[in-house]
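Structure, as structure tokens:
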Amino acid sequence: MQFTSMVLSNAEVSPGYHRMRLTAPPEFAAARAGQFVMVRVGGGIDPLLRRPFGIFDLSTHTPLHDGAVSQPCFEMLYRVVGKGTALLSTLHATDRLDVLGPLGTGFDLGTPGAEKLLVGGGVGLAPLYLLARHLVQQSPVRLFAGGRTRDDILCITEFERLGVECYVATEDGSLGECGLVTEALVSRLEQLEGGAELFACGPHPMLKAVAAIAAYHAIPCQVSLEGYMACGVGACLGCVTPGHGHTAETPDYRCVCKEGPVFPAHELGWEE
Amino acid sequence: MKPDMTVNLAGLELRNPVMTASGTFGYGREFADYVDLEKIGAFVTKGLSLKPRPGNPTPRIVETPGGMLNAIGLQNVGIEAFIAEKVPFLARVNTPAIVNFFGSTPEEYAELAGRLDEIPQVAGLEVNISCPNVKQGGIVFGTDPACAGQVVAACRRATKKPLIVKLSPNVTDVVVMAQACADAGADALSLINTLTGMAIDLKSRKPVLANITGGLSGPAIKPVALRMVWQVSRAVQVPLIGIGGITSATDALEFILAGASAVQVGTASFITPSASQEIAQGMERWLEEHGVARVSDLVGALEC
Ligand SMILES: Cc1cc2nc3c(=O)[nH]c(=O)nc-3n(C[C@H](O)[C@H](O)[C@H](O)COP(=O)(O)OP(=O)(O)OC[C@H]3O[C@@H](n4cnc5c(N)ncnc54)[C@H](O)[C@@H]3O)c2cc1C
Ligand SMILES: Cc1cc2nc3c(=O)[nH]c(=O)nc-3n(C[C@H](O)[C@H](O)[C@H](O)COP(=O)(O)O)c2cc1C
Ligand code: FES
């Protein structure tokens, strides 16, 4: 679906990170956690391509004036890294944006009742919030949030409000444990008697570590990947990532925008 | 009165002169939810080879000002899977599907042309002799007029369907290449494919693309494409399809004035999935507003 969206709010939630709330058409309310949108960040040809962003949350917007009808809306949590995201960060309420979505596959919610362990690095927390909201209805949920500094730990109170138990680790020790969040994950897994299911989104090295931990404990694990995207719908084949059978001699590429961005971790190649 | 938007392109009857460009529209189905395929003249599918091709390592694309570089490496499903999985969709759409294809020897090109000739759902063939991202198959055929002529002649013998040859801009003289292809039996010429380019990441001191170089497309290449269409239109008789950075009806009409009988929309579909449809509608409105009865009246009508 392609639609024009109105910005409802766009606020800096941590240095370099913004949270933007946008209106959406009624059909958008059916978006699944882990799906993403492609946003046209400017009207001109530079930046040219749309930018992909995860769906942080879905809700309903009721305008303040009398007689106004409520409308679905969604939120994005984004980090300013370059031209496009810098432009996004300058937008204000009532500005318009051209959006394509929801796109991609989204997370599978797994077995009800089984403990769910969410692992997010930095802005990788973005798609995990909507996921957590869905999961808490049927399972205990714990979040492992990692980042370089305390500035990279986003929206933890929102997760806590859902009843999610949160573990925080930063590489410089400025918040929570000092070190990698995967260490906290490993100790939790060692305490657990029954099975657990893993869901992760964040930088590639973190996902690789989480995939290895899941394989070691033989538990299901889904990861949400990034790819450099031009179209977002499976037409350009720019966004592909190596699958588990991938070698230089027998290439095996998966389309991140269409077959993903969420994949079972064991289906991917983690070699590089 | 509504202007006449139809064109006859090398025997292909098109309802309007706007098509989508190979590699930017998948196999037609990918964008079908976003664009009414029956509002465009034709669509061209992703470059096809005999065997499936895996494509290049990632990163495969990067944006540059006003354009993008791609080094997909012609990833495609191969002819067998194409017939089994993609052709049924082509049959469902009442719009000509043109299949873009390539090989690594003239024999391979001819074999593919022959296989495609037997598929009734394939309305026309577009021979890619211009892909910058494969070592064999691209560069030589696309830059040496004798080799190009050989490939085109071999395809010509293998098919009765309209045969379009897509030219590379990465040559010293595009007119020589165009003439060689027309002489060898091409019914029409598409120009241009992407321009070889490169992007560097200063921080890592490395090229951005895994393949080091890639093909530049998008608005940034439009002036080069327009110039090439204009040069070729003055030298060869076969109809031309203008490609390169077309994002609006104005862009498309400029290509028609320069001598193109039809246009292809590439990168613009990534940004606006319905770009091709909107461009066709915009052209029709422009003709109506300017009292032009037939779009074909504008072909090559450049005053200079
Ligand atoms: C499915 C998906 C979901 C995403 N969800 C989010 C999200 O919820 N929040 C968020 O902040 N970001 C998200 N991203 C990453 C986001 O798309 C990029 O940060 C953004 O496109 C950068 O645009 P820019 O113009 O600011 O940067 P550019 O000026 O284009 O580039 C600046 C730098 O950013 C990096 N970059 C550019 N594009 C990407 C990309 N697609 N992936 C990773 N790094 C990139 C490059 O290393 C580049 O050097 C997601 C990406 C994908 C593929
Ligand atoms: C991602 C991508 C893939 C492409 N793949 C093919 C291809 O398989 N065969 C081909 O002949 N041209 C291919 N092209 C070239 C386009 O068809 C077109 O010639 C070029 O992009 C210029 O047009 P544009 O500026 O409108 O995009 C590709 C272009 C892009 C951007
Ligand atoms: S972004 Fe184009 S195929 Fe995935």
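Every number here is computed from the coordinates shown, using simple stated rules; none is lab data. Note that the coordinates shown come from a computational prediction; the quantities given were computed from them, not determined experimentally. Neighbour counts are summed over all protein chains in view; Cβ atoms, including those assigned to glycine, are modelled from backbone coordinates with ideal geometry.
Take every DSSP beta bridge whose two residues both sit in the range B:1-100; close to 60 percent of them are antiparallel. Cβ crowding within 10 Å ranks A:Asp152, A:Asp66, B:Asp201 as A:Asp66, B:Asp201, A:Asp152, fewest other Cβ atoms first. Show which lysines lie in cross-link reach of B:Lys161 when reach means a straight Cα distance below 24 angstrom and same-chain residues fewer than eight apart are skipped. Straight-line reach from B:Lys161, under 24 Å: B:Lys39, B:Lys46, B:Lys51, B:Lys86. Beta bridges from DSSP with both residues in chain B: antiparallel share about 40 percent, rounded to the nearest 5. For B:Lys160, the aspartates and glutamates whose Cα falls under 19 Å of its own Cα, not counting residues fewer than eight places away in the same chain, are B:Glu13, B:Glu107, B:Glu108, B:Glu111, B:Asp117, B:Glu118, B:Glu126, B:Asp183, B:Asp187.
Per-residue ellipticity at 222 nm, computed for chain A from helices alone with -39500 (n - 2.57) per DSSP H run of at least four residues, works out to -5000 deg cm²/dmol. In terms of other Cβ atoms within 10 Å, B:Val44, A:Val168, A:Val39 run from fewest to most in the order A:Val168, A:Val39, B:Val44.
Each Cα pair under 8 Å and six or more residues apart adds its separation to the average, and for chain A the resulting relative contact order is 17 percent. Structural descriptor for chain B: relative contact order 21 percent, calculated from alpha carbon pairs under 8 angstrom and at least 6 residues apart.
In the elastic network of chain B, a GNM with C-alpha springs shorter than 10 Å, the most mobile of B:Asn94, B:Asn56, B:Asn76 is B:Asn94.
Working from Cα positions, state the angle (0 to 90°, nearest 10) between the long axis of helix A:204-217 and the longest principal axis of chain A. Approximately 40 degrees, to the nearest 10.
Calculated from the alpha-carbon coordinates, the range A:105-205 shows an Rg and a Dmax of 12.7, 36 Å respectively. Loop-located chymotrypsin sites (Phe, Trp or Tyr not before Pro) across the range A:120-214 with a Cβ neighbour count of 12 or fewer within 10 Å are lacking, with loop assigned by DSSP. Taking Lys and Arg as +1 and Asp and Glu as -1, the other residues whose beta-carbon sits under 12 Å from that of B:Pro169 total +2. Other residues within the sphere of radius under 11 Å centred on the Cβ of A:Val233, judged by their own Cβ, net out at +1 (K and R +1, D and E -1).
Listed from fewest to most Cβ neighbours within 10 Å, the set A:His65, A:His18 follows the order A:His65, A:His18. Note on A:Leu64 and A:Gln191: the extension gain reaches 40.8 nm, defined as 0.36 nm multiplied by sequence separation minus the Cα-Cα distance.
Could you check which residue among A:Arg50, A:Arg254, A:Arg188 shows the biggest mean-square fluctuation in a GNM of chain A with a 10 Å Cα cutoff? Among A:Arg50, A:Arg254, A:Arg188, the largest GNM mean-square fluctuation belongs to A:Arg188. Pairwise inverse Cα distances across chain B, averaged and inverted, put the Kirkwood hydrodynamic radius at 19.0 Å. Here the Kirkwood formula, the inverse mean of 1/r across different C-alpha pairs, assigns the protein assembly as shown a hydrodynamic radius of 25.2 Å. In plain terms, the bigger the Kirkwood radius, the slower the diffusion; for the range A:2-103, with that radius from Cα pairs, at 4 °C and 1.567 mPa s, Stokes-Einstein puts D at 94 µm²/s. Just so you know, the Cα atoms of chain A work out to an Rg and Dmax of 18.5, 65 Å.
Share of pairwise Cα-Cα distances greater than 17 Å in the range B:169-271 is 55 percent (whole percent).
When both bridge partners sit in chain A, DSSP labels roughly 60% of those beta bridges antiparallel.
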